[in-house]
Amino acid sequence: MGVVPCAAPRASVAQRGKTYPVGRLLRPEEVAPTIVFLCSAANNAVTGEIARASGGRPM
């Protein structure tokens, strides 16, 4: 399994990224640590929480 290419035009993706506080869409390697943590034994005290890797944009 790998990264699924985005079907949207690059200009559209860039424009959407500007709406995030970080100024761009996040890259998979920036979101991956959150996912790894949630899938690991280190998260044994996390219950019923929402972990947002959203680049600061409210969801």
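The values are calculated or read from the model by the stated rules, or taken from the named source; none is laboratory data. Just so it is clear, the structure is predicted and the values come from calculations on it, not from any experiment. Because the Cβ atoms are built from the backbone with ideal geometry, glycine has one as well, and the counts that use them run over all protein chains shown. Ligands, DNA and RNA are stripped out before the accessible areas are found, and what is left, the full protein with its side chains, is counted by its heavy atoms. Shrake-Rupley method; radii C 1.70, N 1.55, O 1.52, S 1.80 Å.
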Check your understanding: Accessible surface of Thr34 in the full protein assembly, 1.4 angstrom probe, to the nearest 10 Å²?
Key -> 50 Å²
Review point. Can you tell me the accessible area per residue over the chain, all protein chains present, probe 1.4 angstrom, in square angstrom?
Key: 85 Å²
Practice item. Can you tell me the alpha carbon radius of gyration of the chain divided by the globular rule-of-thumb value 2.2 N^0.38 Å? Key: 1.36
Check your understanding: Using alpha-carbon pairs under 8 Å, 6+ residues apart, how would you state the relative contact order of the chain in percent?
Key -> 37 percent
**Study point:** Accessible area of Val13 in the full protein assembly, 1.4 Å probe (Å², nearest 10)
**Key:** 50 Å²
Check your understanding: So for the pair Ala42, Arg24, with labels modelled 7 Å out along Cα→Cβ, what separation do we get in nm?
Key -> 2.4 nm
Review point. Between Gln15 and Ser54, what is the spin-label point distance in nm, taking each point 7 Å from the Cα along the Cα→C-beta axis?
Key: 2.3 nm
